[in-house]
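The next block holds one structure in the form of structure tokens; read it before the comments.
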Amino acid sequence: MLLFAYKDEIMEKYSQSWQRALLNKKCAVVFVFLITLGGYLIYKLVDIQLINYKNYQLKTLDQFTQEVQIDPKRGTIYDRNMTPLAISATAERIFISPNTIPQMTVAEYIKSILDAISNDADRKAQAELFDQLFTDKTITVSEDIANELSRILGIDKAMVLTKAAKLKRADETIKQKVEVETANQLREIVSAKKFGKYIHFAEQSKRYYPFGDLASHIIGFTGSENTGLAGIEAYYESYLKGIPGKVVTAKNGLGGEMPYKYEKYISAQDGTDIMLTVDWTIQSILEKYLDEALIETQAKNRVAGIIMDVTNGEILADSTKPDFDLNSPFELDPASLALFDSFTGTDEERAAYKTNLIYSLWKNKSLTEIYEPGSTFKIITASICVEEQLVSDTDTFYCPGYIKIPGFGQPIRCARTTGHGTINFEQALQQSCNPAFVMLSQRIGNDLFYKYYKAFGYTERTGIDLPGEAINYFFNLNTFNSVDLAVASFGQNFKVTPISHLSAISTVANGGYKVTPHVLKATLDKNGNILKSYDVDKTRQVISESTANRICSILEQGVIDGGSKNAAVVGYKIAAKTGTSVKTELKNKGKTEYTSSCVAFAPADDPKIAIIIMIDEPIGAYYGGVIAAPVVSKVLSEVLPYLGIEPKYTDSELSLIANPIDDYRGRNVNDASDELKTKKLNCKIIGDGDTVKEQIPAHGTSLMQNGIVVLYTGDAVPENTVKVPNIIGMTAANANKAIINAGLNINLVDSTMDMVDGAIAIKQSIPEKELVAPGTVISVEFRHYNGIE
């Protein structure tokens, strides 16, 4: 019994001890938890107030502030003479705050405003004004806002209502880049209707191009976010874009004004201005004659041209026609619009077709497309032969009109199917003889040919500072054989970009140095001071100066009596080579299309500029010497004098063009007649007076020798009594005779009688059978066809 008594006592004591231990453990756990919690709270306080103070501050500010971005003005783009080509004008973004628009009718809205006005007179005046402003008081405030925005901004009302229905949103853009004048009209309505909390304005920058489509492929354009999408605008985005600014204002939980003023303004930093190498005048001249060429040739795959300074690679002009208006880049030109209107298909197909038409207009043909350069590449082949001393002055080549290559079943034909007969090296280049160049290629060999092909820069992009430059295509070197080499010698079966080809041609023009074509001349500050200019690298010499000079001399003679006659310019020495390449990939499919081109540089004895004109898939005449060379002539006839390069006339040219007529009005008839005879001009007097009252042609006009000047005396006045003859298709001699026999004068467009010998008339300024006054000048354009490729 005693044992059991002790047992109960022991068990009781053990139970009490266990309970105390358990309690102690619980207290320890709670203590540790409280210590941990306290440590965590201390850590968070340190983190919030010390470590990440700025981060939490920004989060707090985000909850009670609203930011409105201020767009910077993009840098201005100038031409080389500081003519603005792309400028930024102030515009505004219109946006609404749906979270502040009262969800009530206009009548309720008016009442809420009037109830807050204590002065009876003011309340009455405001009520009368609202009666005039709000024509329909039964609609909601959102509908009235949508009506006003739709009316003034010309936007869809349903779109505004959709955005106004997003009741938790504080910023819903309604329209970007609104003209300031239009924005001010809206401001008046916003002020009058007390819509200031609901409709807002944010300053933006709108891009504007003063000359529309001029140099559109070089300049490029911007998108809705003022970001460059094409051309220089895209390539030099980092220079032009600037840094946005912002306005930060305090708002309450509903997006309304806080009881205290808080605003922070961070100015936008405008973009850097840039100066291009492009010359506005030269660009305009090039585009004018490309437009003419497009109309004349009806080229199905557009026309293109580039003018480059051969000494430093500066692009003076670059254009592809048709092009697009930089101020409306998503609109089709008339020709493309006609194609789109005639296209049949589903809505999706028509939309896709329109997109393709727009994209094709945006493509700069000069650097985004590759083509077979044809006989213009013979300049490169000839340069290799001269540089490597593979040809001598005594070498001759026999051309029967074709040449056969071992391993190739068909003969390679010459453009002159009857053959050139026996010719020397210079004549082979001037008359563009394919068989002769095939023979020259056999002397060069595959490896040496490719070595120079690479040295002239054809195996890599030129590095021009414009987006989208294509990669040239050459033969597979693993299978490059004698047949490939033969056709490559005259520019067939491989493809290059026009810009890479002109760059290579410029290497020959400048004495053998490879220069990088570029369009950026310098970056500028806002005062027009140069920040950084483009550095020209002329360390890579491909051929010797003596080789370059010899090729230039041969090409110059080719303009005088070879296949490039239509590229001639009165008073200037021009080196030129024409080309007509058949599109191999289409020929293999049974279709025949041509690319016609002409490259030239001038003055030939001291080259300053080079030009390439390319006409892709012309309709009708397709020889480059017939349709591309005349474009070169017309462009250079205006560009060279503009650049200050003085013409140097031969004695023969001077005798034909240097006969400017004085003003004989008021002078004695006999004295005037005698003076005209000394100028070797004929004189016809109409009337019986002693004093000249009128004359045709007018003073300042230059006439060829034996031209006629009609002097009117007494009561006689000019009358349209002479019928203009039709001289289209005539030789220069016959056209001159027909016009002089009619008592009229002839003006040879950009030519002299020597230059048009053997050519025929293709245009006359005044149509046949039209009546004109005696002595009227008829301008006639001639073109060579014989021996022209």
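The values are calculated or read from the model by the stated rules, or taken from the named source; none is laboratory data. These numbers were taken from a predicted model, which means no experiment stands behind them. Here the Cβ positions follow ideal geometry from the backbone for every residue, glycine too, while neighbour counts run over all protein chains shown. Quick note on the areas: whole protein, heavy atoms, side chains included, nothing else; ligands and nucleic acids left out. Shrake-Rupley method; radii C 1.70, N 1.55, O 1.52, S 1.80 Å.
Could we say that V635 is touching a Leu at 6+ places or on another chain (Cβ under 8 Å), part of a strand (DSSP E or B), within 18 Å of A299 (Cβ to Cβ) and at pLDDT 95 or above here? Spelling it out, it is not the case that V635 is touching a Leu at 6+ places or on another chain (Cβ under 8 Å), part of a strand (DSSP E or B), within 18 Å of A299 (Cβ to Cβ) and at pLDDT 95 or above.
Against the conditions (1) open to solvent by less than 40 Å² (accessible area, probe 1.4 Å); (2) out of contact with any Lys or Arg (no Cβ under 6 Å at 6 or more places or on another chain); (3) not hydrophobic (A, V, I, L, M, F, W, C), H784 satisfies every one except (2). Just checking, does the stretch 710-724 include any residue being open to solvent by 50 Å² or more (accessible area, probe 1.4 Å), within 30 Å of A621 (Cβ to Cβ) and over 38 Å from the mean Cα position of the chain (by Cα)? The answer is yes, given that some residue of the stretch 710-724 is open to solvent by 50 Å² or more (accessible area, probe 1.4 Å), within 30 Å of A621 (Cβ to Cβ) and over 38 Å from the mean Cα position of the chain (by Cα). Looking only at residues in the stretch 487-533 that are in contact (Cβ under 8 Å) with a residue 60 or more places away in the chain and aromatic (F, W, Y), the one that is most open to solvent (accessible area, probe 1.4 Å) is F490.
Looking only at the stretch 329-340, decide whether some residue is open to solvent by less than 70 Å² (accessible area, probe 1.4 Å), within 30 Å of K521 (Cα to Cα) and of a type outside the set (D, E, K, R).
yes
Scanning the stretch 725-742 for residues that are open to solvent by 60 Å² or more (accessible area, probe 1.4 Å), among the β-branched types (V, I, T) and part of a helix (DSSP H, G or I) yields a single hit, I740.
Has the stretch 189-206 got at least one residue that is under 37 Å from the mean Cα position of the chain (by Cα), acidic (D, E) and modelled with pLDDT of 95 or more? Within the stretch 189-206, not a single residue is under 37 Å from the mean Cα position of the chain (by Cα), acidic (D, E) and modelled with pLDDT of 95 or more.
What are the residues in the stretch 358-393 that are outside any helix (DSSP H, G or I) and either under 22 Å from S506 (Cα atoms) or open to solvent by 40 Å² or more (accessible area, probe 1.4 Å) (or both), if any? Break it down into steps so the answer makes sense when it comes.
As a first pass, look at the stretch 358-393 and keep what is outside any helix (DSSP H, G or I): 363-364, 369-373, 388-393.
Hits for the stretch 358-393 are K363, N364, E369, I370, Y371, E372, P373, E388, Q389, L390, S392, D393.
Scanning the stretch 262-277 for residues being modelled with pLDDT of 80 or more, over 14 Å from P244 (Cα atoms) and either outside any strand (DSSP E or B) or open to solvent by 60 Å² or more (accessible area, probe 1.4 Å) (or both) gives a total of 1.
The conditions of being open to solvent by 30 Å² or more (accessible area, probe 1.4 Å) and either within 30 Å of I574 (Cβ to Cβ) or at pLDDT below 90 (or both) are met by S702. For beta carbons closer than 7 Å, sequence separation of 6+ or different chains, a first residue in the stretch 710-737 that is on the phi > 0 side of the Ramachandran plot and a second that is open to solvent by less than 30 Å² (accessible area, probe 1.4 Å) and in a loop (DSSP other than H, G, I, E, B), the qualifying pairs are G714/G689. Just wondering, is there one or more residues in the stretch 636-650 that are out of contact with any helix residue (DSSP H, G or I) (no Cβ under 7 Å at 6 or more places or on another chain), of a type in the set (S, T, N, Q), open to solvent by 30 Å² or more (accessible area, probe 1.4 Å) and closer than 16 Å to I708 by Cα? No, the stretch 636-650 has no match at all.
What residue, among those in the stretch 508-517 that are out of contact with any Phe, Trp or Tyr (no Cβ under 6 Å at 6 or more places or on another chain) and not in a loop (DSSP other than H, G, I, E, B), is nearest to I380 (Cα to Cα)?
Residues of the stretch 508-517 out of contact with any Phe, Trp or Tyr (no Cβ under 6 Å at 6 or more places or on another chain): 508, 510-517.
Keeping just the survivors that are not in a loop (DSSP other than H, G, I, E, B) gives 508, 513.
On the way: V508: 8, Y513: 14 Å.
Here the residue is V508.
The lone criterion from (1) more than 26 Å from W280 (Cα to Cα); (2) assigned to a helix (DSSP H, G or I); (3) touching a Gly at 6+ places or on another chain (Cβ under 8 Å) left unmet by Y649 is number (2).
Of all residues in the stretch 595-613, those that are surrounded by fewer than 24 Cβ atoms within 10 Å (Cβ to Cβ) and free of Cβ contacts under 8 Å to residues at least 60 places away in the same chain total 4.
Within the stretch 94-111, being open to solvent by 60 Å² or more (accessible area, probe 1.4 Å) and either farther than 22 Å from H200 by Cβ or part of a helix (DSSP H, G or I) (or both) holds for E108, K111. Just one of the numbered conditions (1) outside any loop (DSSP other than H, G, I, E, B); (2) open to solvent by 50 Å² or more (accessible area, probe 1.4 Å); (3) closer than 23 Å to S765 by Cβ is not true of D674: (3).
Evaluated against (1) under 27 Å from D606 (Cα atoms); (2) open to solvent by less than 60 Å² (accessible area, probe 1.4 Å); (3) assigned to a loop (DSSP other than H, G, I, E, B); (4) of a type outside the set (D, E, K, R), V536 falls short on exactly one condition, (2). The residues in the stretch 341-350 that are surrounded by fewer than 11 Cβ atoms within 10 Å (Cβ to Cβ) and assigned to a helix (DSSP H, G or I) can be counted, and the count is 4. Residues in the stretch 629-654 that are hydrophobic (A, V, I, L, M, F, W, C), closer than 19 Å to V749 by Cβ, out of contact with any Ser or Thr (no Cβ under 8 Å at 6 or more places or on another chain) and touching a residue at least 24 places away in the same chain (Cβ under 8 Å): V631, V632, V635, L636, V639, L640. Taking the criterion of being open to solvent by 70 Å² or more (accessible area, probe 1.4 Å) and either assigned to a loop (DSSP other than H, G, I, E, B) or out of contact with any strand residue (DSSP E or B) (no Cβ under 7 Å at 6 or more places or on another chain) (or both), the residues of the stretch 743-764 that qualify are D754, D757.
For the stretch 490-499, the candidate set comprises residues that are part of a loop (DSSP other than H, G, I, E, B) and closer than 13 Å to G579 by Cβ; within that set, the residue that is farthest from the chain's Cα centre (by Cα) is F490. Residue-level check: of (1) open to solvent by 10 Å² or more (accessible area, probe 1.4 Å); (2) out of contact with any helix residue (DSSP H, G or I) (no Cβ under 6 Å at 6 or more places or on another chain); (3) touching a residue at least 40 places away in the same chain (Cβ under 8 Å), K589 misses just (3). Condition (residue is assigned to a loop (DSSP other than H, G, I, E, B), closer than 24 Å to D651 by Cβ and in contact with a Lys or Arg (Cβ under 6 Å, 6 or more places away or on another chain)) applied to the stretch 768-778: is it met by at least one residue? For the stretch 768-778, residues assigned to a loop (DSSP other than H, G, I, E, B), closer than 24 Å to D651 by Cβ and in contact with a Lys or Arg (Cβ under 6 Å, 6 or more places away or on another chain): absent.
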